[in-house]
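Have a look at the structure below before the remarks.
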Amino acid sequence: MRDSLYGFLCALMLGIGQMCMFTGYDTQSFIVEPVLHSVHDRQPGTIDAHAGYYGQAVCMITYTFANLAAPWALGFLGSKLTLVLGSSFFTLYLLSFMFVHYVPYYLTASLMGFGFALYYTGNGLYLTEHSSRNTIERNSALTWAVGTSCMVVGGVVMLFTTQPLPEITGNLTVSINETMAVRDFREFGDSEIKLMYGAFAVVSFISNLIFTFIPTRPVTNSLAEVNKRKERIGFVEQMKKIGGALADCRMVQMAPVFCFVGTTTCFWIYVYPTTLTFTQKLSNYVYLPAYYSIVLGFGDMLMGFIIMALSKRIPNFAQMPSLIVGTIIYMTALVLALLSTPAWSTTAPTDEPTLWLEPSFEMSLLIAFLFGLADNCLNTSRTVLCALCMPDQRAQVFSISKFYQSLTSSVLMFIAPLMSVPMYFGLISVNCVAALVLYRRVARKTRRVERKITIATKAATEAQVQPVPFRSVLGAAEKEEPII
């Protein structure tokens, strides 16, 4: 099998595994705050009112520091076993919702932080092991596009497991799944939660199986060599390498980019979907979170295939051009969200007015589609630059990128109960400007280094096949023969 096709198939399998793993996690992230808010209303002693936000904060703070040790674990386990172990923690987290209680919830949320670190570090290395400089942009976009189809799959699962809200007149309440549903805002019953999260856990388990059987042979001239036992380094030495990479000027300049990915992801995956459930004018659209997930997933997939096509025609399109396009689209969606969302629907059910536009089903789906388009652009540009900017420390670079992203996310989730939509808008806007300016500098330096590497590689190849004359005396005759 040709290396190009083999690498394509490996990237496709990686994407399918990612799709199954995130089908449950990403989709439930849209509703975890309202879900646990509903459980708290029924049984205040079992879980906190804002446990959805706090649980993600615990996950992200664990993820932040686990990122520092992830390259060492990657060196010990290799990319394949790292993917298997990391994805297993996701399945365990989803199973904790079979019995909602703060002890197993926060424990598995913490373990999932380790799962995030292991998975993303293993994902980055596996992708570079099965990609060359000519295929990294294609494979990265493919993996991300297929992986983000989890939104579509998760949305479909949610459609079949969400129970419709019955007609209610006045302030009358009715029994639903051993609980109560009030017309003012959406509530989730115990049976509904178990059905939904049980289905998510089954799909997540499929990802465990895929990563167990995924091939490991690298492609020729891959961006990374397959991990070899004799080349593994100890934990202390790995920490030194992480520290050196953190202090590198390129990583310092890339920090705002990594933080930007963290702030934007937090908003579209946790905050904005929560406002859809807590906004009174949207409370009757019980299937809105499911449609939000499906439309966002389609947008993410569509942009992945667009980047794949344009990367073949426009040099380095998956770097700065992709980031610019993604930023413009994301900020457009953020402005629409600012104008059409009640400011404090981020924390509790509310009927307060918006700044300008009325909340609507159609506007919510338009914003979801724009978020999906932008998400693929931002993550593809980040992944490609991480793979190219420091070739000798790729595992450390991927780990550091997630360190900054998760640190930003954990801080945001801890203060989420105090944040309104305008506050998120101001924070993300400032972060956006810094990310664009500094990413451009690093991208230009990386392209210069890549050109030098390409020229040197080409010259070395030509030198190997160039006929080299030597003299061979055969009697009185002389001739030249090539040495290949």
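Please enumerate the residues belonging to region 335-361 that are outside any loop (DSSP other than H, G, I, E, B) and either under 25 Å from residue 35 (Cβ atoms) or of a type in the set (Val, Ile, Thr) (or both). First the steps, then the outcome.
Applying the first criterion (outside any loop (DSSP other than H, G, I, E, B)) to region 335-361 yields 335-340, 350, 361.
Within region 335-361, 335, 337, 340, 350, 361 qualify.
So which residues in region 67-80 are under 24 Å from residue 255 (Cβ atoms) and buried (at least 24 other Cβ atoms within 10 Å of the Cβ), if there are any at all?
67, 70, 71, 74
For every residue, the table says whether it meets (1) in contact with a helix residue (DSSP H, G or I) (Cβ under 8 Å, 6 or more places away or on another chain); (2) among the aliphatic types (A, V, I, L, M).
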{"position": "28", "(1), (2)": "yes, no"}
{"position": "37", "(1), (2)": "yes, no"}
{"position": "44", "(1), (2)": "no, no"}
{"position": "60", "(1), (2)": "yes, yes"}
{"position": "69", "(1), (2)": "yes, yes"}
{"position": "72", "(1), (2)": "yes, no"}
{"position": "76", "(1), (2)": "no, no"}
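Which of the residues spanning region 302-326 are surrounded by fewer than 22 Cβ atoms within 10 Å (Cβ to Cβ) and either within 19 Å of the chain's Cα centre (by Cα) or part of a helix (DSSP H, G or I) (or both)?
In the first step, residues of region 302-326 are kept if they are surrounded by fewer than 22 Cβ atoms within 10 Å (Cβ to Cβ); the result is 302, 305-306, 308-310, 312-316, 320-321, 324-325.
Scanning region 302-326 gives 302, 305, 306, 308, 309, 310, 312, 313, 320, 321, 324, 325.
Restricting the first residue to region 413-431 and requiring it to be in contact (Cβ under 8 Å) with a residue 12 or more places away in the chain, which pairs with a second residue that is charged (D, E, K, R) and buried (at least 16 other Cβ atoms within 10 Å of the Cβ) meet a Cβ separation below 9 Å and a spacing of at least six or different chains?
416/33
Looking at region 344-364, which of its residues are in contact (Cβ under 8 Å) with a residue 40 or more places away in the chain, surrounded by 17 or more Cβ atoms within 10 Å (Cβ to Cβ) and not β-branched (Val, Ile, Thr)?
The answer is 345, 349, 359, 364.
Exactly one of (1) open to solvent by 10 Å² or more (accessible area, probe 1.4 Å); (2) closer than 28 Å to residue 121 by Cβ; (3) aliphatic (A, V, I, L, M) is unmet by residue 49. Its number?
Status for residue 49: all satisfied but (2).
For region 277-301, how many residues meet the condition of being open to solvent by less than 10 Å² (accessible area, probe 1.4 Å) and either in contact with a Pro (Cβ under 8 Å, 6 or more places away or on another chain) or more than 17 Å from residue 188 (Cα to Cα) (or both)?
Here is the first cut: in region 277-301, the ones open to solvent by less than 10 Å² (accessible area, probe 1.4 Å) are 277-279, 282-283, 288, 290, 292-293, 296-297, 299-300.
With the extra rule that they be either in contact with a Pro (Cβ under 8 Å, 6 or more places away or on another chain) or more than 17 Å from residue 188 (Cα to Cα) (or both), the set shrinks to 277-279, 282-283, 292-293, 296-297, 299-300.
The total comes to 11.
Return the residues of region 399-421 that are part of a helix (DSSP H, G or I) and open to solvent by less than 20 Å² (accessible area, probe 1.4 Å); say none if nothing qualifies. Break it down stepwise before answering.
Narrowing region 399-421 to residues part of a helix (DSSP H, G or I): 399-418, 421.
The answer is 399, 400, 401, 402, 406, 409, 410, 412, 413, 416, 421.
I'd like to know if region 98-112 contains one or more residues that are under 25 Å from residue 146 (Cβ atoms), in a helix (DSSP H, G or I) and of a type outside the set (Val, Ile, Thr).
Of all residues in region 98-112, those under 25 Å from residue 146 (Cβ atoms) come to 112.
Of the ones still in play, those that are also in a helix (DSSP H, G or I) are 112.
Subsequent filtering for residues that are of a type outside the set (Val, Ile, Thr) retains 112.
The answer is yes; a qualifying residue exists.
Do we have residue 243 as surrounded by fewer than 20 Cβ atoms within 10 Å (Cβ to Cβ) and either assigned to a helix (DSSP H, G or I) or not hydrophobic (A, V, I, L, M, F, W, C) (or both) here? Full working, then the answer.
Details: surrounded by fewer than 20 Cβ atoms within 10 Å (Cβ to Cβ): yes; either assigned to a helix (DSSP H, G or I) or not hydrophobic (A, V, I, L, M, F, W, C) (or both): yes.
Yes.
Across region 433-442, which residue is modelled with the highest pLDDT among those that are surrounded by 19 or more Cβ atoms within 10 Å (Cβ to Cβ) and in contact with a Ser or Thr (Cβ under 8 Å, 6 or more places away or on another chain)?
435
The values are calculated or read from the model by the stated rules, or taken from the named source; none is laboratory data. Since the structure is predicted, the reported quantities are computational estimates derived from the model, not experimental observations. Methodologically, a virtual Cβ is constructed for each residue, glycine included, from the backbone with ideal geometry; neighbour enumeration extends over all protein chains shown. Surface areas here come from the heavy atoms of the whole protein model, side chains and all, with no ligands, DNA or RNA. Shrake-Rupley method; radii C 1.70, N 1.55, O 1.52, S 1.80 Å.
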